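Below is one structure, written out as structure tokens, with a few remarks after it.
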Amino acid sequence: MHKRSMQGNRYTERIIRYIFYILLSATLLFFVLSWIQMPSERREKRQCEELRDGWCRILEDGSRVAVDVPGICEVSRGEEVVITTRLPEEITDDAVICFRTSKQDMDIYIDGQKRFEYSTENTRWFGRTSVSVYLFVPLSAQDSGKEIKVAFSSDSAYAGVVNTVYYGTEFGIWTRLISENAFLLFCAVIMMIFSVVSIVVSFVLYLLSGKKYYLDYLGCAVMLIAAWLLCQSPIRQLYFENVSLAGTMAHLVLLLLVFPISIYVNSVQKFRYSRFYMTLSVIALLNWLFSVVMIMSSYMLDSDVQYINLTMCVVLMTGIIITIAKDWKSGFIKDYRLSAIGMLGMTLMSILQIVKYADKESIVNGVFLCIGVIFIISMAMVESIKEFILTRRQQRALQREVNRKTLKIENLTYQAMMTLAQTIDAKDTYTKGHSTRVAEYSKMIAQKMGKDEDYQIAIYFMGLLHDIGKIGIKDEIISKSQGLTDEEFAMIKSHPVIGYDILKNMTEIENIEYGARWHHEKYDGTGYPDGIKGEEIPEYARIIAIADAYDAMASNRSYRKVMPQANIREEIMKGKGRQFDPLLVDIMVQLMDEDVNFDMRQKD
């Protein structure tokens, strides 16, 4: 019956799965067909085209020469460049023309009238050049076929750079620009997420293992690169109010990049090449200070000092390649094989990115850097987690071995203490098993008090050895069946101090000597050897005292037989607040009341 029910459930589940796949396919098909057939509801026009033809450069003598757009005009720093062309013959009122500046100030004239000007001289805090942005110049139908002139200049190596010129609607141009740069922004966001994850993973691994993995430094490096991509993005003006700040930050974060990478690689390589990485870090620090001063004083451009940083990055990457090669030759590479592969991949992508950065004809992008960063951080995280798992396995194996050895030692310690306790009890045939029973009763009291396992173990061993001082007392005195002389009684009363002196240097169990010295103290202060009272008596000793007294009454002695349980209960109650701790009396009486078969006594 049960088997038939299960078969029915599986059949129903299969039918539901098929229905789901059919509905999912139908939904996707509906979306595709609707995308193709349904008319657009968007009011904005998405027009965007490039204006490449008909551009000329107007020279100082008024002559004109054809120029390529995009392209480069041969000029010196600070020299003004003027280029011109004719606008399209049919322009709508919602049309714009879009220019991309490259650290240039730019003025735009239509039919001889200045229509637009761009300069960040009054909005930037540092530098001598305006930051690169897209400029959108509104057009109207009256501008159809008119001449447009663009005058630009820059006190930088980008003075003659002419970028692509776009014509269309602002919405259409932005749509194209965003689509061209969306992948880069996506990579930057992914890298930022990766960086945060790697920092969190490094922190968690440290908490779990107590070992520093340095993955957080790689995460910081990735975060800096992601920040650089966001600050250097061609469309950064969409999310930065002050684009000059973004341009400055793009260079500052790159100046910091050498530090976390050096620390991470040095740690992965077990600090074998600390001199190289630390020297490079010191140089990077000096370079950072120098560059910041130069940029903020406007003595040098951020792009000028950046080449120093690129040189340092090349030195770092060269050093990484050389040290990896040395470790491969010496066999150390096996300790960080995945990270080494990641570092080599990152180095290759970084070289390609530097080459791309040096190409002034292209708008800087970070695709190669994105690939390299995601590759290295993936390799590093996999290796760190793999190392953590291996370390945990080794720790567990070591802990098992330690536990085995500890258990063996504890067994030896227990056997040794049991032997001592039996030796003590053997001095008097009437006290055979006394120490073991006192230990057990003491542990039972501790359990009733809610003490933890460590406390219970400690009180048990204290109970076992509470009478160890009797080793120093002559056998004939201990086993004497008739009254003791004053001298003999004084010798008997010395056994707590003898026991204390024997146990005080034992370190296996903390305070084990307490039970031996003070188990004959009384709560009212009339006991021995020190005559202390109440809370002055250590709790361990107060527990053993009542357990010792109980067993003495519940055992055969040379001078009497086992007392009835009712009589023992009466004697214990008489000692409440006088001989014994009142709280412990209540617990002892509770144990006796629960012992309906009188098992807590010396067995025949």
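If I ask for residues that are touching a Lys or Arg at 6+ places or on another chain (Cβ under 9 Å) and outside any loop (DSSP other than H, G, I, E, B), which ones from the range 103-136 would you list?
Scanning the range 103-136 gives Asp107, Ile108, Tyr109, Ile110, Tyr134, Leu135.
I'd like the full set of residues that are within 15 Å of Val81 (Cβ to Cβ) and crowded, with 19+ Cβ neighbours inside 10 Å, limited to the range 109-148.
Residues satisfying the conditions are Thr129, Ser130, Ile148.
Examine the range 178-199 for a residue that is farther than 24 Å from Ser119 by Cα, surrounded by fewer than 21 Cβ atoms within 10 Å (Cβ to Cβ), touching a residue at least 12 places away in the same chain (Cβ under 8 Å) and touching an Asp or Glu at 6+ places or on another chain (Cβ under 6 Å), and state whether such a residue exists.
The answer is yes; a qualifying residue exists.
Is there a residue in the range 465-475 that is closer than 22 Å to Glu513 by Cα and touching a Phe, Trp or Tyr at 6+ places or on another chain (Cβ under 9 Å)?
So in the range 465-475, the residues closer than 22 Å to Glu513 by Cα come out as 465-474.
Restricting the remaining residues to those that are touching a Phe, Trp or Tyr at 6+ places or on another chain (Cβ under 9 Å) gives 469.
Yes, some residue in the range 465-475 is closer than 22 Å to Glu513 by Cα and touching a Phe, Trp or Tyr at 6+ places or on another chain (Cβ under 9 Å).
So which strands (runs of 3 or more DSSP E) stay within the range 9-102 end to end and still have 1 or more residues that are closer than 22 Å to Gln113 by Cβ?
On the way: elements: 48-50, 56-58, 64-66, 81-86, 95-100.
Hits in the range 9-102: 56-58, 64-66, 81-86, 95-100.
Just to check your reading of the model, which residue among Val69, Val75, Val81 is under 18 Å from Gly160 (Cα atoms), over 53 Å from the mean Cα position of the chain (by Cα) and in the same structural domain as Gly127 (by TED's automatic domain parsing)?
On the way: Val69 fails: over 53 Å from the mean Cα position of the chain (by Cα); Val75 fails: over 53 Å from the mean Cα position of the chain (by Cα).
Result: Val81 is the single residue among Val69, Val75, Val81 that is under 18 Å from Gly160 (Cα atoms), over 53 Å from the mean Cα position of the chain (by Cα) and in the same structural domain as Gly127 (by TED's automatic domain parsing).
Are any residues in the range 562-578 closer than 12 Å to Phe598 by Cβ and surrounded by 12 or more Cβ atoms within 10 Å (Cβ to Cβ), and if so, which ones?
Scanning the range 562-578 gives Val562, Met563, Pro564, Gln565, Ile568, Arg569.
Given the criteria among the polar types (S, T, N, Q), at pLDDT 75 or above and under 24 Å from Lys212 (Cβ atoms), does Ser291 qualify? Give the derivation first.
Values: among the polar types (S, T, N, Q): yes; at pLDDT 75 or above: yes; under 24 Å from Lys212 (Cβ atoms): no.
So Ser291 fails the test.
With the range 500-586 as the region, which helices (runs of 4 or more DSSP H) entirely inside it contain at least 1 residues that are over 25 Å from Ile478 (Cβ atoms) and in the same structural domain as Met444 (by TED's automatic domain parsing)? Spell out how you get there, then give the answer.
Numbers: elements: 513-518, 539-553, 565-574.
In the range 500-586, the matching helices (runs of 4 or more DSSP H) lie at 539-553, 565-574.
Let me confirm something: among Ser274, Ser244, which residue is among the small types (Gly, Ala, Ser) and either in contact (Cβ under 8 Å) with a residue 12 or more places away in the chain or closer than 17 Å to Phe375 by Cα (or both)? Before the answer, list the steps.
Values: Ser274 fails: either in contact (Cβ under 8 Å) with a residue 12 or more places away in the chain or closer than 17 Å to Phe375 by Cα (or both).
Only one candidate qualifies: Ser244.
Would it be correct to say that Leu135 is without any contact (Cβ under 8 Å) to a residue 40 or more places away in the chain and not assigned by TED's automatic domain parsing to the domain that holds Gly247? Step through it out loud before you land on a result.
Values: without any contact (Cβ under 8 Å) to a residue 40 or more places away in the chain: yes; not assigned by TED's automatic domain parsing to the domain that holds Gly247: yes.
Spelling it out, Leu135 is indeed without any contact (Cβ under 8 Å) to a residue 40 or more places away in the chain and not assigned by TED's automatic domain parsing to the domain that holds Gly247.
Which of the residues belonging to the range 231-275 are surrounded by 18 or more Cβ atoms within 10 Å (Cβ to Cβ) and among the polar types (S, T, N, Q)?
Residues satisfying the conditions are Gln232, Ser233, Ser244, Thr248, Ser262, Asn266, Ser267, Gln269.
Name, by its number, the condition in (1) crowded, with 18+ Cβ neighbours inside 10 Å; (2) at pLDDT 90 or above; (3) more than 20 Å from the chain's Cα centre (by Cα) that does not hold for Tyr158.
Result: Tyr158 fails condition (2) only.
Condition first: modelled with pLDDT under 85, part of a helix (DSSP H, G or I), within 30 Å of the chain's Cα centre (by Cα) and not acidic (Asp, Glu). Can you find one or more residues in the range 267-278 that meet it? Break it down stepwise before answering.
Start the filter on the range 267-278 by keeping residues that are modelled with pLDDT under 85, which leaves none.
Scanning the range 267-278, I find no residue that is modelled with pLDDT under 85, part of a helix (DSSP H, G or I), within 30 Å of the chain's Cα centre (by Cα) and not acidic (Asp, Glu), so the answer is no.
I need a count of the residues in the range 449-499 that are in a helix (DSSP H, G or I), among the polar types (S, T, N, Q) and over 19 Å from Ala545 (Cβ atoms). So that I can check it myself, show each step before the final result.
First, pick out the residues of the range 449-499 that are in a helix (DSSP H, G or I): 453-464, 468-472, 475-478, 486-493, 495-499.
With the extra rule that they be among the polar types (S, T, N, Q), the set shrinks to 456.
Narrowing the set further to residues that are over 19 Å from Ala545 (Cβ atoms) leaves none.
Number satisfying all stated conditions: 0.
So for the range 168-183 (the condition being assigned to a loop (DSSP other than H, G, I, E, B), on the phi < 0 side of the Ramachandran plot and either of a type in the set (Lys, Arg) or modelled with pLDDT of 95 or more (or both)), does at least one residue qualify? Before you say what the answer is, go through the steps one by one.
Taking the range 168-183 as the starting set, the residues that turn out to be assigned to a loop (DSSP other than H, G, I, E, B) are none.
No, every residue in the range 168-183 fails to be assigned to a loop (DSSP other than H, G, I, E, B), on the phi < 0 side of the Ramachandran plot and either of a type in the set (Lys, Arg) or modelled with pLDDT of 95 or more (or both).
The values are calculated or read from the model by the stated rules, or taken from the named source; none is laboratory data. All figures in this text were calculated on a predicted structure; none of them were measured in a lab. A quick note on method: Cβ atoms are made from the backbone with ideal geometry, for glycine too, and the neighbour counts reach across all protein chains shown.
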